[in-house]
Every structure is written in structure tokens, then in C-alpha cells.
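As C-alpha cells, the structure follows; a few thoughts come after it.
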Amino acid sequence: MDDSNLPAAEIGIIGGSGLYDLPGIDLIGNYRIEGPFGSPSSPVTIGNFGKKRLAFLARHGEGHRLNPSEVNYRANIYALKQLGVRYLIAVSACGSLREEIKPGDVVIPDQLFDFTRGGRKRSFFEGGVVAHVGMEPPFCTGLTAVLADAASAADKERTVHPRGNFITIEGPAFSTGAESRIFQNWGMDIIGMTTSPEAHLAREAEICYAVMAHVTDYDVWRDSPVDNEEVVETFTKNLDFAVNALAEAVRQVDPYQDEAAHHALDRAVMSRTSSGKEQAEQRLSLLLGDRFPR
């Protein structure tokens, strides 16, 4: 689809399809967006929330048909960039690696450890153009603060952890007990399967990104297996809370506030391309603009 025919949206939400039901949202429509990195997981649903325009994308596709390794993370982030998204809220299920972080709690992580195994496309920059973006801090600090505050306001009885070390594993299998205990010893607090490379690509796209992680289980360090039905049941029970927390977060976000993430590429591009220049320009012009290497 031609970008000029797309309605602009300043705030993106990526997660499950049940998150679309924000109270007071006025849905505009669903848009199938194509880009140089392929098709996103699902059509993007766009709607108005007061004076703000939101874009929703189902990370695993309609009907949860994509496992974490099959998700085209580049296409997802690029599609949101095409819409003009500046702030992206990710909603994820996660396992707890700490006794004090209980199922039903929410964690707004402030650190990220990528333990995926190399099969995922984790950068837009290839084919003659290299960029090294800074990933510290890995999540946008302004948006993490908003999410922590919004989650606490949405349910004052729920425990919200405003920081935590989040490790991403490849999946789709859950960890073994030995792996889970090693991750504990490494200082990890929660575990999931999708935040890497999502966070890395959002940074390359100069989108301010943060995660609201819903704890569904204790992983397997307690010597009990993760039950997928219990994971789904716990996350489903949290859905109303997640929707209310998202609505509060959107109210608080100033989509035109300037953050460090919005300038991540200013000094990141290292190379100058000669071969394949036209193809590289087509792929990367949206990201680099007049910073494209000459």
C-alpha cells in the first residue's frame, strides 16, 4: 500500500488482538501494509483515542498462528514506522525467575538480555549499509515510567515492578530446569520469547519502545513444568487490566515529546554503499532520510 494512503498514527501497541478493545476508542479500519522487509504479522488496526491516533498490530498474527521465531519483526516495526509511530508499547507474557515476582504481577523491564540463537533478522541495515545503534538503555526511560505509573493506576491492588532484567530466549519450547536456574544466576528476573529483536529494531527505527510484561508463571526453576493452558488462562484473566492500563498509558503519553530514541541513527551509520545503492536507498530511505550515506 502507498504510504500516502495510510492514516498517520503517533502511538503503536503491539501484542494480542484482545488489546484493541480500549474503552472509548473509535476504530477507523484495518490496513494491510507492505514494505521492503515483507508483510507484517497481521493487518494494522487504526483508531482514534480522544485526540490521539493509535495503531494496533497482533505480533503473532490473527489467531496466534506464528511462533516467536516465525514472526517477521522487521516487517512489523517497519509497518508502524510507515504510519509515523513515535511511541510503541509492547505487551508480552513472561515467566518469573524470582520468588517475589508472582504470576499476576506486572513488570516494566528496564534491561534486556538477548539469548535468541541467531535465526531472527535483527537489523534493517545490511546489503552495503551498516549502522551500529546504541542499546543502552534498551527501553525508552520516559515510556517505561509512564507504563509503570499507568499499570499502578489501573489496579492499585496489583503488584507492579517498575524495573527488571528481561531475557529473551528463542522458543517456542519453554526452558529446561538447568537453563532456568542459569538465567537466575545471571541475574535475570523475567523470561520471554519476543522482546528481542523487537526492541533492537524499534531503536533502529527511532521509535521510543517499552514493554508491559504480564507474569503468567514461575518458569521451571521451581522444578515444576510450565503449563501452557495455565499461561493462557492467567494472561486472559489479566486482559481487562491490560486494556485499562494501556488506556491510562495512552492518556499520559505525549506523542510529540522528544526522546533519545528518536535520534538513535544520528551518528550510527558507518559505511558508504556503492554496489546495490538503489536497492539500499529504497529499503532505508524511510529510516535514514537525508542521513543516507553518500
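Applying the condition of being at pLDDT 85 or above and aliphatic (A, V, I, L, M) to the range 270-294 and asking which residue is surrounded by the fewest Cβ atoms within 10 Å (Cβ to Cβ) yields 286. Applying a threshold of 6 Å to beta carbon distances and a minimum spacing of six or more residues, or different chains, the list of pairs starting in the range 186-215 at a residue that is on the phi > 0 side of the Ramachandran plot and open to solvent by 10 Å² or more (accessible area, probe 1.4 Å) and ending at one that is assigned to a helix (DSSP H, G or I) and not aliphatic (A, V, I, L, M) reads 206/262. Determine whether residue 21 is open to solvent by 40 Å² or more (accessible area, probe 1.4 Å), more than 18 Å from the chain's Cα centre (by Cα) and either within 30 Å of residue 174 (Cβ to Cβ) or of a type in the set (Ser, Thr, Tyr) (or both). The answer is yes for residue 21.
Being assigned to a helix (DSSP H, G or I) and among the small types (Gly, Ala, Ser): is that true of residue 75 here? For residue 75, the condition - assigned to a helix (DSSP H, G or I) and among the small types (Gly, Ala, Ser) - is met.
Contact map, the range 232-256: first residue closer than 20 Å to residue 157 by Cα and of a type in the set (S, T, N, Q), second residue assigned to a helix (DSSP H, G or I) and open to solvent by less than 70 Å² (accessible area, probe 1.4 Å), Cβ cut-off under 9 Å, separation 6 or more or different chains; pairs are 236/18; 244/150; 244/153; 244/154. Restricting attention to the range 181-229, the residues being part of a helix (DSSP H, G or I) and at pLDDT 95 or above number 15.
Note on the range 211-225: residues that are touching a Cys at 6+ places or on another chain (Cβ under 8 Å) and β-branched (Val, Ile, Thr) amount to 2. From the list 114, 149, the one residue that fits, being more than 30 Å from residue 282 (Cα to Cα), charged (D, E, K, R) and not in a loop (DSSP other than H, G, I, E, B), is 149.
Residues checked against (1) of a type in the set (Ser, Thr, Tyr); (2) surrounded by 21 or more Cβ atoms within 10 Å (Cβ to Cβ):
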| position | (1), (2) |
| --- | --- |
| 130 | no, no |
| 135 | no, no |
| 141 | yes, no |
| 151 | no, yes |
| 158 | no, no |
| 163 | no, no |
| 169 | no, yes |
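Selection of the range 118-160 for residues being over 30 Å from residue 292 (Cα atoms) and over 18 Å from the mean Cα position of the chain (by Cα) yields 149, 152, 153, 154, 155, 156, 157, 158, 159, 160. If you go through the range 39-89 and pick out every residue that is under 21 Å from residue 168 (Cα atoms) and among the aliphatic types (A, V, I, L, M), you end up with 8. A count restricted to the range 41-65 and to residues that are within 20 Å of residue 87 (Cα to Cα) and either open to solvent by less than 20 Å² (accessible area, probe 1.4 Å) or free of Cβ contacts under 8 Å to residues at least 40 places away in the same chain (or both) stands at 15.
The values are calculated or read from the model by the stated rules, or taken from the named source; none is laboratory data. Because the structure is predicted, anything quoted here is derived from the model rather than measured. FYI the Cβ positions are ideal-geometry reconstructions off the backbone, even for glycines, and counts take in every protein chain you see. Note: accessible area is taken over every heavy atom of the protein model, side chains too, but ligands, DNA and RNA are not part of it. Shrake-Rupley method; radii C 1.70, N 1.55, O 1.52, S 1.80 Å.
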